[in-house]
1. Can you pull out every residue in segment B:8-39 that is surrounded by fewer than 17 Cβ atoms within 10 Å (Cβ to Cβ) and over 18 Å from the mean Cα position of the chain (by Cα)?
2. Kindly establish whether A:Glu240 is among the acidic types (Asp, Glu), within 16 Å of A:Ala397 (Cβ to Cβ), assigned by TED's automatic domain parsing to the domain that holds A:Ile518 and not in a strand (DSSP E or B).
3. So if I check each of A:Thr437, A:Thr472, which one is at pLDDT below 95 and not basic (Lys, Arg)?
4. Against the condition surrounded by fewer than 22 Cβ atoms within 10 Å (Cβ to Cβ), at pLDDT 95 or above, within 29 Å of A:Cys64 (Cα to Cα) and not aliphatic (A, V, I, L, M), how does A:Asp117 come out, does it pass?
5. Working only within segment A:13-36, note down all residues that are of a type outside the set (Val, Ile, Thr) and in contact with a helix residue (DSSP H, G or I) (Cβ under 7 Å, 6 or more places away or on another chain).
6. Looking only at segment C:538-577, how many residues end up being under 29 Å from C:Leu466 (Cβ atoms) and surrounded by fewer than 16 Cβ atoms within 10 Å (Cβ to Cβ)?
7. Suppose the filter is in contact with a Pro (Cβ under 6 Å, 6 or more places away or on another chain) and at pLDDT 95 or above; does A:Glu240 pass it?
8. Would you pick out the residues in segment C:240-255 that are away from chain B (no Cβ under 11 Å) and either closer than 22 Å to C:Glu280 by Cβ or surrounded by fewer than 17 Cβ atoms within 10 Å (Cβ to Cβ) (or both)?
Amino acid sequence: MSQVTLTIDGKEVTVEAGTTVLEAARKAAIDIPVLCYHPELRPEGACRICVVEIEGARNLPASCVTPVAPGMVVRTNTPAVREARRTNLELLLANHPQDCFTCERNNNCELQALARDLGIKKVEVKGVRRDLPLDKSGFSLVRDPNKCVLCGRCVRVCSEVQGVSVLDYADRGFEAMVYPPLKRPLDQVACVNCGQCATVCPVGAITERSDVDRVWEALADDKNHVVIQVAPAVRVSIGEELGMPPGSITTGKLVAALRRLGFHKVFDTDFTADLTIMEEGHELLERLENGGVLPMFTSCSPGWIKFIEHYHPDMLAHLSSCKSPQQMFGALAKTYYASKAGYSARDIFVVSIMPCTAKKFEAARPEMNSSGVADVDVVLTTRELGKMIREAGINFAALPEEAFDEPLGISTGAGVIFGASGGVAEAALRTIYEVVTGEELKELDFTAVRGLKGIKEAAVTLKGRTIRIAVTHGLKNADNLLKKIKAGEADYDFVEIMCCPGGCIGGGGQPIPVDREIREKRMSAIYAVDRGMELRKSHLNPAVQELYKTFLEKPLGSKSHELLHTHYQERSRV
Amino acid sequence: MRVNSVDDLNKLKERLQKEHQLKEQTDTIVTVGMSTCGIAAGARKVYEAILKEVEKRNLNIIVKKTGCIGLCEQEVLVEVACPGRQKILYGKVKPEDVPKLLSEHIVNGNVSAELVVVGKAS
Amino acid sequence: MLYRNHILISSHTADAAAIKERFERELAARKLSGAVKVISSPDLIDDSEETLVVVYPEGTFYRGVKADDVPHIVEEHLIKGRFVKELLRCEYDDSTVPSLDRLDFFRKQQRLVLRRCGSIDPEDINDYIRTDGYQALAKVLTAMTPAEVIAEVKKAGLRGRGGAGFLTGLKWEFCAREPEKVKYLICNADEGDPGAFMDRSLLEGDPHSIIEGMTIAAYAIGASQGYIYIRAEYPLAVRRLKNAIAQAEEYGLLGENIFGSGFSFKLLIKEGAGAFVCGEETALMASIEGNRGMPRPRPPFPAQKGLWGKPTNINNVETYSNVPLILLKGADFYSSIGTEKSKGTKVFALAGRIKNTGLVEVPMGITLREIIEDIGGGVQDNRKFKAVQIGGPSGGCLPRSHLDLPVDYDSLSQAGAIMGSGGLVVMDETTCIVDVAKFFLKFTTAESCGKCVPCREGTTRMLEILEAITRGQATLHDLEVLERLARVCKNTALCGLGQTAPNPVLSTLRYFREEYEEHILQHKCRAGVCSDLIQYQIVAERCVGCQACVRVCPTGAIRGEKKAPHKIEVLDCIKCGACMEKCRFDAIIRS
């Protein structure tokens, strides 16, 4: 790549050709304000906040979409630029509800921050304001069009990253708005509830459906025995939500906080992650031995499950029949644990803390009631948990480290890595290797399947048979991989697919903002937790062994099928 | 009909020009402005009225359509070209004007003064 | 009794009576006496000594009629409806008819692009070929290289007729230079300015000229596939184009191996759904691709990455139809017309308060005065000229002092207007200038795609301020905000629609600021258009109490006894002005 030298605010800057003026300015330590720009999405050039002066240009170009040119002279802070940025921001504010106090994104809002940074003192522009109904139809997400600034990030993430394209613009001019197809409510379209739109939304126009109050109510009701499970990825991200740096490992503090909130038992989804490896690993071995449908796809990610149901229903037979760890947990909590602890299924109220918005939908699936009632009662996102902890006045950083309760709180490093893309495949390999060969696996780290690369591949030879593995995350990548498999261009035995970029650490219920760097930090925290665990192979989890011995009997046994496995259904694309 | 070469094109053009000249010398040609502006002003009805009149009176004239000459204010425009005479452009023609216009101009040789917009040198 | 026909017979000749009697007999024999009336007319006379017979309602004149001709006339004319040719009186007198080239409307025009419109049959390719059609293409494909074609167009100085006036040859060169094999050519026929219909007229009147121009351009840039993006609201144009494409394909002038040159070109029609923004080239391409018609930032320019990501050249209808002319008559001929930087002619649609509304083609550099006063015949009803809006909703409003401005790209843009696609709306003193700005802004506000903030939100807010001004509810501070919004929208909007949307506001503020201030400070609309600012009153001394106004008032707002002065109830009056028009005593005034 050739280098281009230009002048920004009097300073010479040399960058690669093809760099935008915005990126070049950042290299020169000038942060041009942005709104519609998102580093991981194709620039849109819609908000016109990042405008700059460029000598020779007849107007003020948007720096996010203007490539550098040799000898270009850019000024980012002139009266015309300031007037333009303020005016465009003022125009947005004039059509935005002024209800920051009660907004989900209060104090974590890019529009608010811009108004502060650009020194808006008064909104001189006045006039009619949008008044559109909220869409609260879905289990996972709520859309408030009145807060929408039409930056189009949700539209872009939904099509570019997730390949779902369930959001797009409709209507013109002042009426223009982002809508699902045919302006239908979200629960009537092929939305997978992944919540990536919510994580890129700069304002509070798309948020998770808040279920915090349902949990407060459950905790206040003496009739309930409230147990909570925490997904692997939450322990490396909840700190972020509460003001700690990204990648902080806060497993013990998290357990302590949950106890202080009043949960009767604090359990770990990692336990059922280990269990998933036992079931799914044996399912894979069975498919391999008996000529079952291959490749087998993982089934932990509810966004991915809904995606394949909508968009590739012809491939449902490839999905592992295993429930996700969350749902296995719910089913066991209300049966195995209930009888052990002397409760009936109805006495137990199961709350999940998930990095995920799609889990809310998953828990509400009618088939997820193996215990006779809903196996999981309420799902909260990492963000919602953060709100509860703040509301309860818990000083998270100052909490002591506490341990999960037994027995559903005992886990291995293999369970924890479920939180990062590649983790399920790696955990499965650790177990399958030893189950098949009967030898101890020395090198536990399958680095080939780790990291943020879109599609990762590995092959392991077990007793002369090579098992080909692919790992992907982000549904656009998944879609491409599926199309390749259908076309016969890819041949695998086992494919791990996670809905969100980076896996659950990048989930739609995780702290905002998120970018590649933050994902990497959360990811390395996950692997650090794994390294620090005494046990790192699922089949060595004593609580899992105990569970099989006293309750399930064996992997893929009849009890397993009743409680831990599920089925899928074709869903329409519109 | 296929034009395979420049030669083909030129031969075709020459033939068409000759045919056209001949027609102009022998036939009366009535042309109606039939673009959207004309049609909106009622050109289709005028065109039909002309065809009807031609058939009814067994007139030996050629009726043609053309595009807009720009005088939208004056639509419907009808041009009458009799051999050897200057062309006359009639404006604001209505279907009911047609019988009189044709018989006055083509049959009687009188230009219907109240409808004339302009004459065109032939 | 209604007669089907009347027969007038001149009474000055000897056999007149016999002829009349013969008519009556023949009619009776055919039982037509009740349907045809025969009249002897002493007034019917000419300088010949022959008997004259006129058959009405056709007014057919027969001369030299003899009694023996009568059965024939009755049979042929009255029954069969045919003229008796041998008896027709046919003497031509055209001397009183003005000739075409003497008519001012045509005298100052230079009809090059429109030369075939209104003369050939647009549905017949032979008419086009007869008038030198496809000669330029023949020359290009058999005797010129693509580079030579581009050089010729560059030399001619042709600039895009769609608005901004970019040099066409240069645009072609950018596209031709791209190494990519697959390239596309697009004709922008999404004419959407209110009151503009130049392109429609060309498409309907001379469709082959656009096909020929496009084929030449395709050869120049190396495209083998072209699209004509045309509004679905132009059904006749679509039909004529389809017909023309089919005929050209049948003749081998479109399709494979044209003129045996090895060059092939396929042309498809894509009908747009009528969004104004789809005239913007990136939105237009998005629309062809089947996406929402929304502009995207440039670069990359269409010449680099256009339709389906391939290098694409887009010109508008009028631009393409200039091309055959340039190649046929040569760049030197073409560049001899117009000004130094604006070559050739431009087609304008004259509209508004002008005598001759319609379509005109004038050489670049002609003054506005010549177009409006000479060609257009001046302002209607002898009113006073006030302003002219050039370039549609993206253009500007120029005052009387600019009447002698030469019409070329650069002069217009300096004056705050644009050539645009060529809409020219003339306004007189009964037009309120704030209302005009409001009208055009209302259009762009409704047509904004909603993508970028200044256009989506800014135009709406500007419109709201204009509405407040015309209601007399604005302050001078609002005027400042209006100017700021207009400036920022012009400077920061994503595409041409938003960047030019404030032009009507900015240009009227530049030339007619006092009228804005009058609305704001004095609550006065001098043109009497803004209904919130006007009042109708009856001058008691002049009112005779005839009640004409009472009868015409749609809301019953006028009260008063007969023959006594009336009064208008202000609260009931909707300010329609019907009473003032009706009053024959000038007793009703507007203030």
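1. Residues satisfying the conditions are B:Asn10, B:Lys11, B:Glu14, B:Arg15, B:Lys18.
2. Spelling it out, A:Glu240 is indeed among the acidic types (Asp, Glu), within 16 Å of A:Ala397 (Cβ to Cβ), assigned by TED's automatic domain parsing to the domain that holds A:Ile518 and not in a strand (DSSP E or B).
3. The unique qualifying residue is A:Thr437.
4. Here the answer is yes, as A:Asp117 does meet what is asked.
5. A:Pro33, A:Leu35, A:Cys36 - these are the residues of segment A:13-36 that are of a type outside the set (Val, Ile, Thr) and in contact with a helix residue (DSSP H, G or I) (Cβ under 7 Å, 6 or more places away or on another chain).
6. Summing the residues that are under 29 Å from C:Leu466 (Cβ atoms) and surrounded by fewer than 16 Cβ atoms within 10 Å (Cβ to Cβ) in segment C:538-577 gives 8.
7. Considered against the rule, which asks whether it is in contact with a Pro (Cβ under 6 Å, 6 or more places away or on another chain) and at pLDDT 95 or above, A:Glu240 comes out as yes.
8. Listed by number, the residues that qualify are C:Leu241, C:Lys242, C:Asn243, C:Ala246.
The values are calculated or read from the model by the stated rules, or taken from the named source; none is laboratory data. Quantities reported herein were computed from a predicted structural model and do not represent experimental measurements. Please note: Cβ atoms are built from the backbone with ideal geometry, for glycine as well, and neighbour counts cover all protein chains shown.
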